[in-house]
There are 2 protein chains.
Amino acid sequence: MTDSSSTALAATRDRLLDAAAQLFYSDGIGVGVEALCRAAGVSKRSMYQLFDSKDEVMAASLERIAPTYWASLAPSDEDDRPPRARILHVFERLEELTTSPGYRGCPFVAAAVELKRPDHPASLAARRYKDALTAFFQQEAQRAGVRDPALLAQQLTIVFDGASARAVVQAGALRGIAATTAGAILDHAGVVDQDG
Amino acid sequence: MTDSSSTALAATRDRLLDAAAQLFYSDGIGVGVEALCRAAGVSKRSMYQLFDSKDEVMAASLERIAPTYWASLAPSDEDDRPPRARILHVFERLEELTTSPGYRGCPFVAAAVELKRPDHPASLAARRYKDALTAFFQQEAQRAGVRDPALLAQQLTIVFDGASARAVVQAGALRGIAATTAGAILDHAGVVDQDG
């Protein structure tokens, strides 16, 4: 393969995955290959050159959005505030995301819930993403010196996903409840701001 | 309509809604009218005599399972334990539900997440069900005399839905984390067992 055709293929892949991530998120996993290729401006032939199946496209589209999604939630590496503030930053950003009229919940949880197949490649991608979120919480909990960082990290992930679900079910912004609930869990674990 | 034909129609309706609740839960909202009627052993003609659309069937199937689902979670009316124990009962029952291999999350949240249409009749049914769960928590929080029963009730609902999501994403039982997290929220609100 020439350099230019491999560059073209990479661009096609990106366009396909961006369209897939957007369509599956807004319309659900029922979106067909036809509609997907049309939205992406990609031929079915190209899609099947790149991926074996729609299932693989779904998984790859989640993998593709994961870094951007996390960047929209995470504190920056230069943010040297204490663990509590860095953890609450994630919940404050979640609150902001839920104010968007197009918010349809955490895309990773949504994929797992819709697929109902724990061994689907996209369900595995969703699990990896959620594990990475939990790992961030656990790392901060360790820095804070709590007794059971793994437990606290799981509890914070539960609050994150429950708050996301609430925004979907209630079809509205969270009005601070995500951060308040995470704050209660942090208080309970003794994670208070050293600066505060 | 004669009595016997109205009885037959009611039986058809129940059979259709039971099959719908089961199929939508296990396979998702993409299940078609054809497959649904086949599973229920009901003709499409009968379905459309009873309901205007598949959307209406979905909503009615959620309404139909709501009392049974709640009965599987709720403490009995005769359970005269203090509020904390009655609240934790719900989370302990949730833990048990998630050990079933067919567990696919809270059916009401799943419907709302899958539909992605806040004004869909089934999304409205899901919201009503979740509001009833929150109302139960709030009533118990009031009995416990907490400062902000509405806030505590919303936080407990978030933990409930986040734990349900965790069971789906991790494809496994919760191993006590739902009750532990609810317990942390109750501790934080000062809801301790008067008997404990």
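Using a Gaussian network model of chain B whose springs link C-alpha atoms within less than 10 Å, name the residue from B:159, B:42, B:90 with the highest mean-square fluctuation.
Highest fluctuation among the options: B:42.
Taking trypsin sites (Lys or Arg not before Pro) as exposed when DSSP calls them loop (any state but H, G, I, E, B) and at most 14 other Cβ atoms lie within 10 Å, what is the longest stretch of chain B free of them, the sites themselves excluded?
B:1-146
Over all directions, how big on average is the projection of the convex hull of the alpha-carbon atoms in chain B, in square nanometres?
If I average the Cα hull's projected area over directions, I get 12.8 nm².
Give the dimensionless ratio obtained when the Cα radius of gyration of region A:49-129 is divided by 2.2 N^0.38 Å.
Scaled against compact globular proteins, the figure is 1.28.
Relative to the compact-globule scaling 2.2 N^0.38 Å, provide the ratio for the alpha-carbon radius of gyration of the protein assembly as shown.
Dividing the Cα Rg of the protein assembly as shown by 2.2 N^0.38 Å gives 1.06.
Once you've got the GNM for chain A with C-alpha springs shorter than 10 Å, pick whichever of A:110, A:179, A:171 has the biggest mean-square fluctuation.
The residue that fluctuates most here is A:171.
From zero outward in steps of 10 Å, how is the percent of C-alpha pairs of region A:88-196 spread across the bins?
With 10 Å bins starting at 0, P(r) equals 15, 42, 33, 10, 1.
Tell me which lysines have Cα within less than 24 Å of residue B:44's Cα, excluding those fewer than 8 residues away on the same chain?
List returned: B:54.
What is the extension gain from residue B:53 to residue B:135, computed as 0.36 nm multiplied by their sequence separation minus the C-alpha to C-alpha distance, in nm to one decimal?
Working it through step by step, the gained length comes to 26.5 nm.
Above 11 angstrom, tally the Cα pairs of region A:1-51 and express them as a % of all pairs, no decimals.
Counting pairs separated by more than 11 Å, the tail of P(r) holds 67 percent.
Residues of B:10-18, mean number of Cβ from any other protein chain within 10 Å of their own Cβ, rounded to a whole number?
Counting other chains' Cβ atoms within 10 Å and averaging over B:10-18 gives 0.
Could you work out the per residue convex hull volume over the alpha carbons of region B:92-133, in cubic angstrom?
Hull volume over Cα atoms, normalised by residue count, gives 62 Å³.
Return the calculated 222 nm mean residue ellipticity for chain B, to the nearest 500 deg cm²/dmol, obtained by summing -39500 (n - 2.57) across DSSP H runs with n ≥ 4 and dividing by the residue count.
-24000 deg cm²/dmol
Across peptide B:181-187, how many C-beta atoms of other chains are within 10 Å of each residue C-beta, on average?
The shielding value for this peptide is 5.
Within 10 Å of each candidate Cβ there may be at most 14 other Cβ atoms; applying that plus a DSSP loop requirement, which GluC sites (Glu not before Pro) in region A:19-92 survive?
A:78
Once you list every other residue whose beta carbon is under 11 Å from the beta carbon of residue B:44, what net charge do they have if Lys and Arg are +1 and Asp and Glu are -1?
With Lys, Arg at +1 and Asp, Glu at -1, the net is +2.
Shielding of B:110-121 by partners, i.e. mean partner chain Cβ atoms within 10 Å per residue?
5
Any read-out appearing in this document is the output of simple, stated calculations on the displayed coordinates, not a laboratory observation. The model shown is predicted, which means the values in this text are computed figures rather than measured ones. Here the Cβ is made from the backbone with ideal geometry for all residues, glycine too, and neighbour counts use every protein chain on show.
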